[in-house]
Amino acid sequence: MASVAQAIRMALHYGEKHMGVKDIFGQDVGAPLGGVFTATQGLKTAWNTPLDERGIISMAMGIAMTGDKCVAEIQFADYIFNTIDLLKIAGNTLWCTNGQVQLPMVVMTPVGAGIFGSVYHSHSFDAWASRLPGWKIVMPSNPLDAYGLMLAAIEDPNPVLYLKSKALMRHKGDELIPGEPEDEKTLKSMIDKPVQNSQGWKAKWPELEKYIVPIGKGKITHEGEHITVVTYSRMVHLCDEVAKKLADEGISVEVIDLRSIYPYDWQMIKSSIEKTGRVLFVNEDTEVTNFGEHLAYRTTQECFYSLMARPRVLAGKNLPGIGLHPNLEKNSVPQHHDIETAIREIVAEVP
Amino acid sequence: MSKKTTVKPAAKKAPKNAPVAKAKAPAKAATKSAAKTSKKATPKKFDFGGLSEELLLSMHDLMVKSRVLEERVIKIYKAGEGYFWIGGPGEEAFGVPLGLLARKGKGLEYDWFHLHYRCTPTMVALGMPMIEAVRLMMNRATDPSTGGRNFAGHYCFPQWNVAPVTSPIEVQYPIACGTAHAQKRAGHKSISIVTGGDAGTAEGEFATCLVWSSRKGQELPVLITVQNNGFGISTPYEGQHGETYIADRAKAFNIRSRVIDGTNPVETYIALQEEMDYIRKTGKPSFLEVKTTRLYGHSSADGANRKTDLFDPVYKFQEKLIAAGILTEKAAQKIWEIYEEEGIKAQEQARGEAGPAAETVWDHVFVNNENADWRKF
Ligand SMILES: Cc1ncc(C[n+]2csc(CCOP(=O)(O)OP(=O)(O)O)c2C)c(N)n1
């Protein structure tokens, strides 16, 4: 099975071969490295930029203005903050020009904690991103979705922000990407740059197929009756694990992997809450002000009379950073036990 | 609507002591085909750099048109028929030659424009009818640039590769590198042109443009220009910068650069032509620091009042043409009158046009008006 990094690489290859992607660029994205997380190794159109995030975003905007398709990378989301003005402009360009100028660009960036990356390699960006009107925002949790959402992002005529969890980069899924060889070792020998003697190396790409995960469509990763847990990206795995554990005790948890932050799959959330009457929103961005709060607000507006308990948001603590020591990181972003405790509390609540 | 347009009593006259040459018909709105050097050379004692009379007259015509348009738009603002004015009176001698020299069209074969909010002269030279600037000023639904959504001077004309003007200062500079990258790849010898103010060059995006356009072996075909009018709103140049010439900064990046007198249309025409030729030939960037004036101050934020002590490039050029016998005072006056009338008509027409409907706020958040309202997800 491919890792998330390999899945992204394959999606980008598919994009440059079949979908008109002409530029894949960012810091260390091109040869020789192919990205600090190896997500762009062996790609034909990948190139290295100066160490300048604002340059990367504005370059993408200029390329997109001409109608050429590109995928730009910000090496770590922790460094995307100095481009916020440009992200805002990219998001408002279509609107400001009354529909005249489209920016069909993809910006991908690794987000979040989980790798003990300390203060500047653990930032989340989903809540910030949700305040950039005009952008679509996706956050895959597994390789197949990583592939399908990247193709969807490339195909979309709007700017799309593709937030990939740093901690999931080596994560392997349990579903094959269409066209991917079944044997992991074969895949590795085809598309991973050798660590040694890599000069002159070229990827041998498998015959991949088009596979789209529509932007705005969530997925139920664990079915349940007693409570709905709405999450995305790395937290999907934690929530699924807790759901499995609690199932043994007879607590039936429904986990929704939102996959897209904007637009988001409200119909899936709503019908699940109407079924379970209880809901917990989990993500690792800071709690003030959090995207989960928006969903909790909407829940009270539209599902109030179906609720058996107060909706809760479990998010990262409102801290200036995530400390390097595991004791600090683990006490800053949600962990298994936090999720478990919150679920138990909500399920135990009686109106 | 019942408001009456204020009619300007009489077109401004050229100075009384100017010699009167034989009458000429007002020049037709210029076309790009205007010749560089003429069959009909201008008198020796006047230095017009060998530019043809036809070209000189067409530059004058467009400069006047742009000035009259800007003054009309200021009147609209002052009459309370628009909310905010910002624009380019004083920049005509640079903006008009720029618009005339560029290869105008849509797509990668043509030049791209990344303009700031003082580029009405360039838009007029490209062929923008007055009404379009007036519609933008009056926020009509018919405003072709923004549909009533944005400020005066914030043009967007995709049919001429005019990128949307943005309010944040200086972001247009690195965006120009993006279009130049695509142009260079397409191999058409087209260029990306970027304009902006002197104070704004303190922004990081300006440095970004110098870095990205000049990487060795990966240079980009960008004409980087800065219109140095000596002010950023109220802060003088000296309070903003330590360098003597902004153009010197380009030299540090091995970008060819120079400073020109942007109040002289002949000098700017010739300089722009040389630099555009250089960029098309080499695929490398070039930098022009253009000294201009800011005749009506910064914007309506500081009153938009005429600064009478400043050099006026339009009148000075007109005087020169009259003194050289290329234009008559009468013909000049006629040009002012014709455009004054066009401006008034444009205002009256725009007044009768509707503003954007309230519910259109949801339009164009996403392409094809895909639902953007979360209440409807
Ligand atoms: C990023 C940003 N900061 C501040 C402003 C507010 N602002 C508008 S114009 C201006 C001064 C610009 O001066 P300059 O670059 O010299 O251009 P000029 O207006 O003189 O042509 C400022 C500070 C802005 N529009 N954008």
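Below, the figures for the structure above:
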quantity: Computed lengthening from B:GLN218 to B:ASP47, 0.36 nm per intervening residue step minus Cα-Cα distance; calculated: 57.7 nm
quantity: Between 0 and 90°, nearest 10: helix A:53-65 axis offset from chain A longest Cα axis; calculated: 80
quantity: Amide proton proximity set for B:ASN228, modelled H, under 5 Å, gap of 5+; calculated: B:VAL290, B:LYS291, B:THR292
quantity: Apportionment of accessible area to carbon and sulfur, chain B, percent (1.4 Å); calculated: 55
quantity: A:PHE116-B:ARG280 FRET efficiency (beta carbon distance; Förster radius 41 Å; 0.05 resolution); calculated: 0.20
quantity: For residues of A:49-55, the mean tally of beta carbons on other chains within 10 Å; calculated: 5
quantity: Descending semi-axes in Å of chain A, equivalent ellipsoid built from Cα gyration tensor; calculated: 33, 23, 19
quantity: Simple spin-label estimate for A:LYS202 and B:GLU337 in nanometres, 7 Å along Cα-Cβ; calculated: 7.4
quantity: Spin-label model distance (nm) - A:LYS17 vs A:THR289, 7 Å beyond Cα toward Cβ; calculated: 4.5
quantity: Within-11-Å neighbourhood charge of A:ASP145 [Cβ basis; K, R +1; D, E -1]; calculated: +2
quantity: Span from the segment A:278-351 Cα centroid across to the segment B:347-376 one, whole angstrom; calculated: 37
quantity: Residue list for segment A:218-252, given a label point 7 angstrom along the Cα-to-Cβ vector of A:LEU319 and an amide N cut-off under 12 Å; calculated: none
quantity: Centre separation in Å (Cα based) which lies between segment A:96-131 and segment B:222-298; calculated: 35
quantity: Förster radius 30 Å - calculated FRET efficiency between A:GLU345 and A:LEU51 (Cβ-Cβ, nearest 0.05); calculated: 0.05
quantity: Estimated FRET transfer efficiency when R0 is 35 angstrom, pair B:ARG185-B:ALA301 (beta carbons, to 0.05); calculated: 0.30
quantity: Cα-based reach from A:LYS172 at 18 Å (exclusive), listing aspartates and glutamates while leaving out same-chain residues under 8 positions away; calculated: A:ASP145, A:GLU180, A:GLU182, A:ASP183, A:GLU184, A:ASP192, A:ASP240, A:GLU241, A:ASP257
quantity: Test item: A:260-267 mean partner chain Cβ contacts at 10 Å; calculated: 2
quantity: Over 17 Å [Cα-Cα, segment B:233-308], rounded percent; calculated: 59
quantity: Peptide B:174-187 - average C-beta neighbours from other chains (10 Å radius); calculated: 6
quantity: Fraction of accessible area attributable to carbon and sulfur, chain A (%, probe 1.4 Å); calculated: 53
quantity: Accessible area buried between chains A and B, both sides summed, probe 1.4 Å, in Å² to nearest 100; calculated: 3700
quantity: Tensor-based shape of segment A:222-304 (alpha-carbon gyration tensor, a/c under 1.5 rounded, otherwise prolate or oblate); calculated: oblate
quantity: Rounded if a/c under 1.5, otherwise prolate or oblate - segment A:27-178, Cα gyration tensor axes; calculated: rounded
quantity: Rounded if a/c under 1.5, otherwise prolate or oblate - chain B, Cα gyration tensor axes; calculated: oblate
quantity: Peptides ranked, highest mean first, by Cβ atoms within 10 Å: ranges B:191-204, A:206-219, B:74-87; calculated: B:191-204, B:74-87, A:206-219
quantity: Debye equation applied to the C-alpha atoms of segment B:322-377, log10 I(q)/I(0) at 0.14, 0.18, 0.24, 0.30 Å⁻¹; calculated: -0.64, -0.76, -0.93, -1.10
quantity: GluC sites (Glu not before Pro) within segment A:266-351, DSSP loop, no more than 15 other Cβ atoms inside 10 Å; calculated: A:GLU349
quantity: Listed residue pairs exceeding 27 Å between alpha carbons, taken from A:LYS136/A:LYS245; B:LYS104/B:LYS184; B:LYS75/B:LYS307; B:LYS45/B:LYS281; A:LYS88/A:LYS217; calculated: A:LYS136/A:LYS245; B:LYS45/B:LYS281
quantity: Helical segments meeting 18 Å axial Cα length and Kyte-Doolittle -1.0 threshold in chain B (DSSP H); calculated: B:53-78, B:172-186, B:265-282
quantity: For segment B:201-339, the Rg and Dmax computed from alpha carbons only, in angstrom; calculated: 18.1, 55
quantity: In degrees, nearest ten, helix A:291-302 long axis to first principal axis of chain A (Cα); calculated: 50
quantity: Computed Rg/Rh of the protein assembly as shown, alpha carbon atoms with Kirkwood Rh; calculated: 1.05
quantity: Coarse-grained scattering of segment B:126-202 at q = 0.15 Å⁻¹, given as base-10 log I(q)/I(0) from a Debye sum over alpha-carbon atoms; calculated: -0.62
quantity: Charge tally in the Cβ shell below 14 Å around B:THR292, where Lys, Arg are +1 and Asp, Glu are -1, B:THR292 excluded; calculated: -2
quantity: Accessible area per residue, Å², the protein assembly as shown with all protein chains present, probe 1.4 Å; calculated: 39
quantity: Rg followed by Dmax, in Å, when segment A:94-164 is reduced to its Cα trace; calculated: 13.8, 45
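The values are calculated or read from the model by the stated rules, or taken from the named source; none is laboratory data. Just so it is clear, the model here is predicted, and its values are computed rather than measured. Here Cβ is always computed from backbone atoms with ideal geometry, including for glycine, and neighbour counts include all displayed protein chains. Keep in mind that these areas ignore ligands, DNA and RNA; they rest on the heavy atoms of the full protein, side chains included. Shrake-Rupley method; radii C 1.70, N 1.55, O 1.52, S 1.80 Å.
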